[in-house]
C-alpha cells in the first residue's frame, strides 16, 4: 500500500547521501508509522505524529527510540510529503542520560575466556583494545590492520570520519591466531562463514550475551567494551582529547561522560573532606 512512498523516501535519502543503514532504519520506522495510522499519507498531519508518539510512549518506548521515530517521520514529511513540520506540536523528547556499564579488566578477561568461538573472541578483544563500535569492527578488512604502525584504520564510521585507533600487542596476537585458524581471510576480516559477507551487528550481540551469561556477567553489550576502553584510558591518565580522537567523537562532551564512571582513586583524586593526615578537617 505504501511502497511508492517508501521508494520516494529511499531516493530522498540517497540524494542526501545518507548511509544505507540509516535509510533502511528510517524506512522501517516510517513504514511502521504509516501502517499504524492507516491513512492516506497526504492526509497525515503533525498532530497524527504527536498522537502516535504519545501512544508509543504509553506503551513503554524510551525517549531515545521515540526520537528516532521523530527524526524518520520528520524526514518523510519534509522530503517526501513536503509537509511543513511543526517542532512545537512534535518536539523531541528529553532523553535520560544514564552512566554507561563498564567492565573491570578482570571482567574483560572473564568475558574473553568464556567465548569459545575464536572469531568472536577476536572481535570482542578488538572492540575493547581499540574502542571501536561493533558496526565498525564487523566492517573491518584485512588491510585495515597495520602491524608496522600498530594501528587500525577505521572506515565506514557512524560520523563518516575515517580515523586511526591503536592496535595492542595482545590483540594482534589473538588476531593472528584467528587469521591462521579461520582460513586467512584477505578481504573482510570477520566474514560470515556461510555467506562470506559482513557479519550482522545482531549476531555479535547474541554471542556476547551468551558469553556474558557464561562468565556470570550481567548487562553486557558490545558497546560496554567501547565504554570500558575509554574509561580505563581515562583512569590511566590519558588526555580526554586523545581519547576523543581514538573514539571518533566529534563533540568533546561525548567523551566527558567517562570522567563520571572512572575510578577516582585510580586517578589520584581525594575527597576534600579528608585532611592531609587522613582525617576530616575540623
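Bear in mind these aren't lab numbers, they're just calculated from the coordinates by the rules spelled out. Note that the coordinates shown come from a computational prediction; the quantities given were computed from them, not determined experimentally. Cβ placement follows ideal geometry from the backbone for every residue including glycine, while neighbour counts extend to all protein chains displayed.
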| task | Return one number: the angle in degrees, 0 to 90 and rounded to the nearest 10, between the long axis of the Cα atoms of helix 20-37 and the longest principal axis of the Cα atoms of the chain. | result | 50
| Efficiency by 1/(1 + (r/R0)^6): what FRET value for residue 144 and residue 67, r their Cβ-Cβ distance, R0 = 51 Å, to the nearest 0.05? | 0.95
| field | Among 115-121, 80-86, the order from most to least packed when residues are scored by Cβ within 10 Å on average | value | 115-121, 80-86
| said: Please check: in the Gaussian network model of the chain (C-alpha springs, under 10 Å), which one of 94, 23, 166 has the largest mean-square fluctuation. | reply: 94
| query | Per the helix-only calculation at 222 nm, which mean residue ellipticity applies to the chain, given -39500 (n - 2.57) for every DSSP H run of n ≥ 4 and division by its residues, nearest 500 deg cm²/dmol? | reply | -16000 deg cm²/dmol
| request: For residue 57 paired with residue 104, estimate the spin-label separation in nm (one decimal), with each label point 7 Å from Cα along the Cα-to-Cβ line. | output: 4.0
| request: Would you mind telling me which residue in 270, 78, 147 has the biggest mean-square fluctuation in a Gaussian network model of the chain, where springs connect alpha carbons within a distance under 10 angstrom? | output: 270
| Cα centroids of the stretch 24-54 and the stretch 112-171: how far apart, whole angstrom? | 38
| message | Under 37 °C and 0.692 mPa s, how fast does the stretch 105-261 diffuse according to Stokes-Einstein, given a Kirkwood radius computed over C-alpha pairs? Answer in µm²/s, whole number. | response | 207
| said: In the stretch 178-202, whose amide N lies under 12 Å from the spot 7 Å out along Cα-to-Cβ of residue 118? List them in ranges. | reply: 178-185
| query | What is the P(r) of the stretch 66-158, as percent of Cα-Cα pairs per 10 Å bin from 0? | reply | 12, 27, 23, 20, 15, 2
| Hey, rough spin-label estimate for residue 22 and residue 158, points 7 angstrom out along Cα→Cβ, what's it come to in nanometres? | 1.3
| Out of 12, 230, 212, any idea which swings most in a Gaussian network model of the chain, alpha carbons joined below 10 Å? | 12
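Taking only C-alpha pairs under 8 Å that are 6+ residues apart, what is the relative contact order of the stretch 3-81 in percent?
Values: 44 pairs, mean separation 33.4, N = 79.
Rounded, it is 42 percent for the stretch 3-81.
Which whole-number percent gives the relative contact order of the chain, counting Cα pairs below 8 Å spaced six or more residues apart? Don't jump to the answer; show the numbers that get you there.
Values: 313 pairs, mean separation 45.5, N = 282.
After rounding, I find 16 percent.
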| note | Taking Cα atoms, the helix 169-181 axis meets the longest principal axis of the chain at an angle in degrees (rounded to 10) of 70
| said: Can you order the peptides 245-257, 186-198 by their average number of other Cβ atoms within 10 Å per residue, highest first? | reply: 245-257, 186-198
| query | Taking a temperature of 4 °C and a viscosity of 1.567 mPa s, what whole-number D in µm²/s does Stokes-Einstein yield for the chain with Rh from Kirkwood over alpha carbon pairs? | reply | 60
| query | Angle, helix 46-58 long axis vs. longest principal axis of the chain, Cα atoms, 0 to 90°, nearest 10? | reply | 50
